[in-house]
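Have a look at the structure below, then the notes.
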Amino acid sequence: MSTYYRTSVAPVCGDHFLGPSLAQVCPASQFLMFMSILDTFIRSQESIAQLCERVRPIDPPELNYDFIVVGGGTAGSVVASRLSDLPEWKVLVLEAGPDEPPGADIPSMVAMFLGTEIDWQFRTSNEQNACLSSGGSCSWPRGKNLGGTSVHNGMMYTRGHARDYDNWAAMGNDGWTWREVLPYFACSENNTEINRVGRKYHSTGGLLSVGRFPWRPDIASDILAAAAEKGYPLTEDLNGDQFTGFTVAQTMNYDGVRRSAAAAFLRPFRQRRNLQVALNATVTKVIVENMKAVGVQYYQDGVPRVARASREVIICGGAVNSPQILLLSGIGPKDHLQSMNVNVVKDLPGVGENLHNHVSYTVSFTINEPNEYDLNWAAAAEYVGFQRGPMSSTGMSQITGIIPSRYTSPDHPDLQFFFGGYQASCATTGEVGTLINGDRRSISISPTYLHPRSKGTLRLASNDPFAKPVIHGNYLSDPMDGTVLLEGIRIALSFANTTAMRKHNMTLDHTPLQACSQYPFLSDDYWRCAIRQDTGPENHQAGSCKMGLASDPMAVVDPRLKVHGIKGLRVVDTSIMPQVTSSNTAAPAIMIAEKAASFIKSEWAVPNTQWYGNHALPPPPLPSATSSHHHAWKHPISRKSHSH
């Protein structure tokens, strides 16, 4: 394009990170002008971009620290923030990517930055039963930026269910029952709708703002009416007493702007001299001397460096990078390490095992509306000026439902439904009413199985620390996963037959998959085939550094998240989950990090500075003898008020 409008607006503070821009995430040239101008206005609006509040990275870092946090993602941001509460503790965060781009903080741009340089762009390989339409390789995007995948996800704040955590504890993981983890959810939370959801399970005054988006499409109320018509409960709060049913979810946003973990937990403390963040710094190895972690090797902008930790190294790389770093450090299955020519430091066979993920399938429909761009000048002006309107939400993606299938008990739901449509993401001219094409508008429903039985593995491809690991998701290898998913598909299809959705002429996309043409269209056999072809791999990876007792040969960390057999080394992220939670995993990852910070403080005999919710929190309710989803409060550590 030879000419385009150059604005005279500029950010108040130095725009220390310029890309990727919104123009880059809408790939075709026809989007360039409108999206470039919009990106400029977004960067200039401090209430959205927060360029004046960004963490100022250190380059180069110093040599010696008390704690080194590997990965500044969803969990790492929390751990570093909480440890740096102690001014005598010097904390270094090593993040492989840059800071988050301002465009990612627009809720309607959810997942738009995946596939760019701030995405690790992992893929699984050799899937025999899944992602067959893409050669048996499923996409596993992961955030490669400060804030990790909390910069890219749908922001949904769901905690999982009591049975999830009680099951962990039943495996021998003391301290992880639902009663014992609940305070660590509460201490993070600043619920902006406390009058609606109540204080029984929620709190205010924490660092993480949680609430519904300011805008939702009109069709949202019809989706909920359809669910009610089908006999499913409607709930105000999936994290409350009515933990099954359909709802407009609370999300990690503040006033229409995404709140990533880094924005919530690191930015408020950017002035702390004892908290240092290094960007574009990729850790390649944990240094272990006499079976104690004493530091890390890393590359920053291509330069090899070392940092030493006098107290602990805490790996927060997520379910892919954490086991990879352990393996590169010689901690993992002995035979595999030897085959990769990695010196064996500790034979720990569970590293990279038990890797699993939720699994879904997306069913597409059309409705009787023109297929127009949801992003236009009117929506852009409303958002830039007031952080309201379509750009202040994820469209239909803020709706969700969690229900039990016939294969589980009512207190442990195993199906979640995600919805798609009305996402104000890309636009060409910005003119209101501009059509994408002459087709009808598309919407989607994605039933998702929350209790996957299929477990995969992660292995090194070589001893090159910059080579992507070999990930085998092993999706749908257990037939039960597909069986429950099929029930979810049938439920999704039934929405089109409700009175509430009939007025939209909600119609299934009747284009059969060629690879499944041997089966009668819409038969059970057809859907079983379709699930294997166009598998929804989800982004809730977990389990690859499993928490468990030393007597469990596949356990990687103990119940206080310390790596078995290595002193001064912990793993803190969703990789420690013995079994993934029945929910989105961002809120549980933050809880795990809060709990880890508390463990660390207690073991180093310092006062805990984590603030447990609002001062006016009511006394703990007694657990019900009949309900396994009790939320009785239990404070395992001293409740010291420390308002941030």
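The values are calculated or read from the model by the stated rules, or taken from the named source; none is laboratory data. If you're wondering where the values come from, they're calculated on a predicted model, not measured in any experiment. Using ideal geometry, Cβ is built from the backbone for each residue, glycine included, and neighbour counts are taken over all protein chains shown. Heavy atoms of the whole protein, side chains included, go into the accessibility calculation; ligands, DNA and RNA do not. Shrake-Rupley method; radii C 1.70, N 1.55, O 1.52, S 1.80 Å.
Run down the lysines and flag those whose C-alpha is under 25 Å from the C-alpha of LYS503, throwing out any fewer than 8 positions away in its chain. The qualifying lysines are LYS230. When peptides 289-297, 577-585 are sorted by average Cβ neighbour count within 10 Å, with the highest value leading, the order is 577-585, 289-297.
Taking Cβ separations below 4.7 Å as the criterion for a possible disulfide partner, the isolated cysteines in the chain are CYS187, CYS316, CYS545.
Stretch GLN518-GLN338 to full length: gain in nm at 0.36 nm per residue minus the Cα-Cα span? Let's see the in-between values first.
Details: separation 180, 0.36 × 180 = 64.80 nm, distance 4.61 nm.
Answer, rounded to one decimal: 60.2 nm.
With a simple spin-label model that places each label point 7 Å from the Cα along the Cα-to-Cβ direction, the separation between ASN64 and SER409 comes to 5.4 nm. Among GLY72, VAL93, ALA427, whose Cα lies farthest out toward the positive end of the dipole of the chain, if unit charges sit on the beta carbon of Lys, Arg (+1) and Asp, Glu (-1)? It is VAL93.
Secondary structure note: in the chain, about 70% of the DSSP beta bridges are antiparallel.
The HN-Hα couplings worked out from phi for the range 565-581 by the Karplus form 6.51 cos²θ - 1.76 cosθ + 1.60 (θ = phi - 60°) are x, 10, 6, x, 9, 10, 10, 9, 4, 5, 5, 7, 5, x, 9, 4, 5 Hz, whole numbers, x standing for Gly and Pro. Legend: residue pairs LYS346/LYS562; LYS144/LYS601; LYS90/LYS595, Cα-Cα distance threshold 23 Å; pairs beyond threshold, LYS144/LYS601. Under 15 Å from the Cβ of LEU375, count the other residues' Cβ atoms, weight Lys and Arg +1, Asp and Glu -1, and hand me the total. Counting the neighbours of LEU375, the net charge comes to -3. Based on DSSP H segments of at least four residues, each scored -39500 (n - 2.57), the chain has a per-residue ellipticity at 222 nm of -6500 deg cm²/dmol. Kirkwood hydrodynamic radius computed over the range 167-278 comes to 16.5 Å, based on all pairs of distinct alpha carbons.
Only Lys, Arg, Asp and Glu carry charge here, each on its Cβ (+1 for the first two, -1 for the last two); on that basis the range 89-180 has a dipole of about 120 debye about its Cα centre. What the phi angles of the range 421-437 give under the Karplus curve with 6.51, -1.76 and 1.60, with θ = phi - 60°, is a coupling list of x, 6, 9, 7, 10, 10, 8, 8, 9, x, 5, 5, x, 4, 8, 6, 7 Hz, glycine and proline written as x. About the centre of its Cα atoms, the chain shows a dipole size close to 1260 debye [charges on the beta carbon of Lys, Arg (+1) and Asp, Glu (-1) only; nearest 20 debye].
In the context of the full set of protein chains, the range 14-137 has a per residue accessible area of 32 Å² (1.4 Å probe). Amide hydrogen proximity for ASP119: with H placed 1.01 Å from N in the peptide plane, the residues at 5 or more positions away or on another chain lying under 5 Å are LYS144.
Think of the chain as having a plus end and a minus end, set by charges on the Cβ of Lys, Arg, Asp and Glu; of ASN321, ALA380, PRO607, PRO607 sits farthest toward the positive end of this dipole. In terms of packing, defined here as the mean over residues of other Cβ atoms within 10 angstrom, the peptides 45-53, 205-213 line up highest first as 205-213, 45-53. Near ARG54, no amide H atom lies under 5 Å from its own; only residues 5 or more places off or on other chains count, and H is placed 1.01 Å from N.
Each Lys or Arg adds one and each Asp or Glu subtracts one; over the other residues with Cβ under 9 Å from the Cβ of VAL359, this totals -2. Taken about its Cα centre, the range 119-259 carries a charge dipole of roughly 300 debye when the Cβ of each Lys and Arg holds +1 and the Cβ of each Asp and Glu holds -1.
Amide H contacts for ASN191 (H built 1.01 Å from N in the peptide plane; partners 5 or more residues away or on another chain; cut-off under 5 Å): SER203, THR204, GLY205, GLY206, VAL210. Each residue of the range 368-377 is assigned a 3J(HN,Hα), and the resulting list reads 7, 10, x, 8, 9, 5, 7, 9, 8, 4 Hz, derived from the Karplus form 6.51 cos²θ - 1.76 cosθ + 1.60 (θ = phi - 60°), x at Gly and Pro. Only one residue of SER442, THR408, GLY456 has its Cα farthest out toward the positive end of the dipole of the range 405-462, where Lys and Arg carry +1 and Asp and Glu -1 on Cβ, and that residue is GLY456.
Under a Cβ-Cβ cut-off of 9 Å, what is the net charge of the residues other than ARG258 that fall near it, where Lys and Arg count +1 and Asp and Glu count -1?
Once positives and negatives cancel, what remains is -1.
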